[in-house]
């Protein structure tokens, strides 16, 4: 018997990926995004070596992938912008900006000068009632030439009339010339103005007007806590030395008046009791008398006046305490320094000729020096962003499982 058989054989050609090569093109960021190449290998500046970022460069890096198949055909992927190159560029720009900001801060702090002494008398509260169209308060005179001054005021109140603000002027009394001027607003909250007297000789005065200069008729202005001091930093308000001395004198006078009045009353009491022969003086009587409450009742009003004087003195002393607790000058191993802090704070700033440091509990946390910022420890709660709105941002963010990097335009 003959056996017959048959079979079917299928032949197919499978096209596979033979190789993949990435090409890079570095060009100016102002140019349009390049098109993908049309030749193999590509021309027009494309290279298979990835360029490294050059500090300060503003170029953009693009890439495309060339895929070669087993049948000899090939194709390019869409051209894309290199995110790693952009991140490196953004990081460099951020670091350069931070260094520039630190340098500016150090230069600003190095240029600060602090005076502290108030040059204006009666500065606690001064009411200026205009008597004409150009009424002013001569707040300070005989200012030093070629000297920086800082004017600060806690509150300016318009009590009567109409005015858009208050004019201040730096005037030479000798000839009436105005070297500098400006305005203060009617508001609660400290306002600060700076000016420098000319190097030329003259009797320089600070004028504060009852409104806008030339239009002060009918205007009444109240100045609260005004201070003029040498230097470029505004410090807390304190009374002028003359006002402080006046408060001390007023206290001494009140005490002397109290002593004299007390002695007169005791002598009168001795006479009314017919005891003049037994007690030749008030002190003798006070040593013997047991009923001192009779004298205290007569002195109640005088005692009240004395309490008021003590309160005014305490207010002046509190201003001095606040000033001297904020600034401390010292020397550390031959290096002079200025410490700045509030009296109840463990953190302070220490300024020397070479650095600005932040100190807590005697330990230096960070400082600016040699155009650099040094920090012992940096902790960010949510994220750190590096970049600009023009170039985009690289965000370093915290997540429940760790930290992530995110690029955003």
Quiz item: What would the Debye formula give as log10 I(q)/I(0) at q = 0.09, 0.19, 0.21 Å⁻¹ for the alpha-carbon point model of the stretch 125-237, no solvent?
Solution: -0.22, -0.95, -1.13
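Report the far tail of the P(r) of the stretch 348-409, meaning the percent of Cα-Cα pairs longer than 20 Å.
Values: 960 of 1891 pairs.
The proportion of pairs with Cα distances above 20 Å equals 51 percent.
Sort 95-101, 129-135 by packing, meaning the average of other beta carbons within 10 Å per residue, with the highest value first.
Values: 95-101: 12.0, 129-135: 15.0.
Those peptides, ordered most packed to least, come out 129-135, 95-101.
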Quiz item: Which peptide among 149-158, 22-31 comes first, and what is the full order, when sorted by highest mean count of other Cβ atoms within 10 Å?
Solution: 149-158, 22-31
Practice problem: Taking every Cα atom in the stretch 333-375, find the radius of gyration and the maximum pairwise distance Dmax, and write them in Å. | Solution: 10.5, 31
Self-check item: Calculated diffusion of the stretch 49-108, Stokes-Einstein form, Kirkwood radius summed over Cα pairs, 10 °C and 1.306 mPa s, µm²/s
Solution: 110 µm²/s
Quiz item: When ranked by the protection proxy of mean other Cβ atoms within 10 Å per residue, highest first, what sequence do the peptides 223-231, 117-125, 364-372, 71-79 form?
Solution: 223-231, 117-125, 364-372, 71-79
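Each reported figure results from applying straightforward, stated rules to the coordinates on display, with no laboratory input. Here the structure is a predicted model, which is why all the values come from computation and not from measurement. Cβ: placed from backbone, ideal geometry, glycine included. Neighbour counts: every protein chain shown.
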